[in-house]
1. Among the residues of the range 206-224, write down those that are open to solvent by less than 40 Å² (accessible area, probe 1.4 Å), of a type in the set (A, V, I, L, M) and not in a helix (DSSP H, G or I).
2. Report the residue count in the range 6-35 for those that are closer than 17 Å to HIS88 by Cβ, part of a strand (DSSP E or B), touching a Pro at 6+ places or on another chain (Cβ under 9 Å) and not basic (Lys, Arg).
3. What residue, among those in the range 293-325 that are modelled with pLDDT under 95 and in a helix (DSSP H, G or I), is farthest from the chain's Cα centre (by Cα)?
4. So, of the residues in the range 173-191 that are touching a Gly at 6+ places or on another chain (Cβ under 9 Å), in a strand (DSSP E or B) and more than 20 Å from VAL223 (Cα to Cα), which turns out to be most open to solvent (accessible area, probe 1.4 Å)?
5. For the range 40-120, give me every one of the strands (runs of 3 or more DSSP E) that falls completely inside it and has 2 or more residues that are open to solvent by 10 Å² or more (accessible area, probe 1.4 Å).
6. For the range 5-14, check the following and say yes or no: at least one residue is closer than 28 Å to THR250 by Cβ, surrounded by fewer than 22 Cβ atoms within 10 Å (Cβ to Cβ) and polar (S, T, N, Q).
7. Show the residue pairs meeting these rules: Cβ distance below 6 Å; 6+ apart or different chains; first residue within the range 75-103 and at pLDDT 95 or above; second residue among the acidic types (Asp, Glu) and open to solvent by less than 10 Å² (accessible area, probe 1.4 Å).
8. Determine, yes or no, whether ALA273 is part of a loop (DSSP other than H, G, I, E, B), open to solvent by less than 20 Å² (accessible area, probe 1.4 Å) and either among the aromatic types (Phe, Trp, Tyr) or at pLDDT 95 or above (or both).
Amino acid sequence: MRKPTRPPAVGRGEKVLPGVWRLRLPLPWPGVPHCNAWALATRGGIVLVDCGMHEPGSLAQLERALEQVGLRLEQVRLLVCTHAHADHCGQASAVQRRSGCELWLHPRHEHLTAAAEDPEAMLARRIEIARQSGVPEEPLRQAIEESRGRGLGLSGPLEPARELVEGVSVGTDLGDWAVLETPGHAPSHVCLHQPERRLLISGDHLLGRISLYFDYGWTPDPVGEFLASLDTVDALDARLALSGHGRPFTDVHGHVEGNRRLVAGQLDSVRAALDQAPGTPYEIAPRVYGEEWVPERRQWLMTLLLCWLRHLEVRGEALCDGGSPATWALRAAA
């Protein structure tokens with residue numbers, strides 16, 4: 001008997017607070033089937049925070065979610081993106097064309113836009129990182145083929161009118177939202193904080209279901225940056241977080257602590273793997289991830305592992321010999 005299949009996801013809108021609407025938008029990824037955009041009331045229109053990934057039919061899903069809460073795309077006065085990942089800014093160009101709004105985005109968006117400007121150069125960069133990590137030629141060849149068959153999920157070039165940096169605020173009917181630079185998950189990541197109402201738009205920095213990802217190779221230490229950004233958010237005393245995926249959640253401090261514990265646990269696993277024997281990242285990865293080390297997750301997990309290793313190197317706990325491929329080892333105690 002044929003197993004029932006999950007019905008296709010569709011855009012959905014819901015009111016969270018007066019003047020705040022959650023727009024749940026479908027994604028083409030089995031493990032991450034939805035993302036959130038947030039509509040904030042402002043001067044008879046809305047500020048749209050994030051806008052989903054571009055793919056066939058995706059703009060109609062955003063319109064559907066808006067219509068469910070009595071809003072229209074033409075009411076968007078400003079588009080603010082928490083970071084330059086395609087599931088958060090992919091439809092920016094299409095939204096701007098329809099509404100005439102500006103896009104505000106952090107200036108460190110090259111981790112996405114460099115691929116749009118020169119996809120072959122970006123692919124060559126990824127291949128070099130993989131080879132340096134000891135990835136064998138056959139899985140590397142398969143990954144290259146898959147990469148060439150995937151689009152970037154962008155509806156057009158990203159053309160920010162203003163840089164989202166510390167000191168900038170976003171005005172809405174609920175008051176001003178302060179921009180907080182929270183790199184780690186991405187170099188371009190920001191959160192928005194409304195202090196009087198103790199609201200936090202957390203993007204992918206804090207999620208209801210704790211999950212980690214970092215962009216590798218664009219900053220010196222993504223894990224260290226992420227931990228510092230957790231401290232920044234923890235100091236806010238926010239009451240309600242509106243995140244990039246999943247439902248809104250309270251207990252922001254508890255989620256910060258959960259992320260800290262997960263980071264600490266992952267670093268312990270990497271230390272234990274290095275303690276067994278030095279190796280390339282590709283050799284070390286099965287020791288770290290065990291049964292999770294399956295083909296469909298290896299790119300994601302390798303990116304994380306490179307960030308864990310880099311953080312241990314910055315902390316003076318691990319050494320890389322700089323070879324090709326590179327071998328990593330624990331630094332001997334002084």
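1. Answer for the range 206-224, where residues must be open to solvent by less than 40 Å² (accessible area, probe 1.4 Å), of a type in the set (A, V, I, L, M) and not in a helix (DSSP H, G or I): LEU206, LEU207, LEU212.
2. Qualifying residue count for the region: 5.
3. PRO295
4. Result: ALA178.
5. Correct list: 76-80, 102-105.
6. no
7. CYS81/ASP50; THR82/ASP50; HIS88/ASP50
8. Judged against the criteria, ALA273 is not a match.
The values are calculated or read from the model by the stated rules, or taken from the named source; none is laboratory data. Quantities reported herein were computed from a predicted structural model and do not represent experimental measurements. Glycine gets a Cβ as well: all are built from the backbone with ideal geometry, and neighbour counts include every protein chain shown. Ligands, DNA and RNA are excluded from the accessible area calculation, which covers all protein heavy atoms including side chains. Shrake-Rupley method; radii C 1.70, N 1.55, O 1.52, S 1.80 Å.
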